[in-house]
Amino acid sequence: MRKKVILICEECLSRNYTTTKSPQKEGVRLEIKKFCPKCNKYTIHKETK
């Protein structure tokens, strides 16, 4: 079963997105470049703890 994770902007630290993650990738943190509406630009979003 896939695990739900929250993505946080690396620059302004706002929690903008939620997504799912495969259980096989448990030790690796997810990093995706997405649009941040608060920064008004594309930034790297990382998985929170």
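Values in this text are rule-based calculations from the coordinates and carry no lab data. Treat the numbers as computed from the prediction; the structure is a model and nothing was measured. Every residue, glycine among them, receives a Cβ derived from its backbone with ideal geometry; neighbour counts consider all protein chains shown.
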Count of residues meeting criterion [surrounded by 11 or more Cβ atoms within 10 Å (Cβ to Cβ) and among the polar types (S, T, N, Q)] in segment 23-44: 1
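Give, as residue ranges, the strands (runs of 3 or more DSSP E) completely inside the chain that count at least 2 residues that are of a type in the set (S, T, N, Q). Give the derivation first.
Details: elements: 3-9, 15-21, 31-36, 41-47.
The qualifying strands (runs of 3 or more DSSP E) are 15-21.
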Neighbours by Cβ (under 9 Å, 6+ apart or cross-chain): first from segment 29-49, farther than 15 Å from ILE6 by Cβ; second of a type in the set (Val, Ile, Thr): LYS33/THR43; LYS33/ILE44; PHE35/THR43
